[in-house]
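Asker: Shown below is the structure under consideration.
None of the figures in this text is laboratory data; all of them are computed from the coordinates on show. Owing to the predicted nature of the structure, the values given are computational and were not obtained by experimental measurement. No Cβ is skipped: glycine too gets one built from the backbone with ideal geometry, and neighbour counts run over all protein chains shown.
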Amino acid sequence: MAVDPVTAKMLAQLAAQAATDKQAGKRLLIVILAPVLFLLLLIAFIVHLLTSPISMFVGWALGDGEVTAIKSFQQEYGYNQNIGIYDTDYINGSGQSYEGVVFTDGGMEVM
């Protein structure tokens with residue numbers, strides 16, 4: 001797309017005038033930088049949404065296997081190791097003494 005010489009000369013004069021006038025230079029800088037910054041922020045926002053752990057959790061929760069996804073997430077990160085005070089394991093284990101017991105079936109001995 002070629003620009004005729006008259007239009008090119010007029011654009012060059014406007015650019016030179018804008019560069020010499022400080023106020024117009026600031027406006028020109030804002031006009032150039034505003035769309036660029038908006039585009040960069042939009043791209044960063046989209047990347048954040050795609051890589052956010054919350055969006056991954058929502059993707060798991062809205063699917064058909066939401067219960068299995070949540071259970072596997074809990075098992076993978078160790079969030080299922082909490083025992084409540086009304087759980088059977090807690091009630092049966094409270095007051096037990098483990099003095100002298102050595103656990104050897106794991107990777108290391110625990111006393």
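Asker: Any idea how far apart D89 and L37 come out in nm if each label point goes 7 Å out from Cα toward Cβ?
Answerer: 5.4
Asker: Now a separate question. Which values of log₁₀ I(q)/I(0), to two decimal places, follow from the Debye formula for segment 1-50 at q = 0.13 Å⁻¹ with a uniform point scatterer at every Cα?
Answerer: For segment 1-50, the Cα-only Debye profile gives -0.52.
Asker: A further question on this structure: Please sort 38-51, 92-105 by packing, taking for each peptide the average over its residues of neighbouring beta carbons within 10 angstrom, highest first.
Answerer: By packing density, highest mean first, the sequence is 38-51, 92-105.
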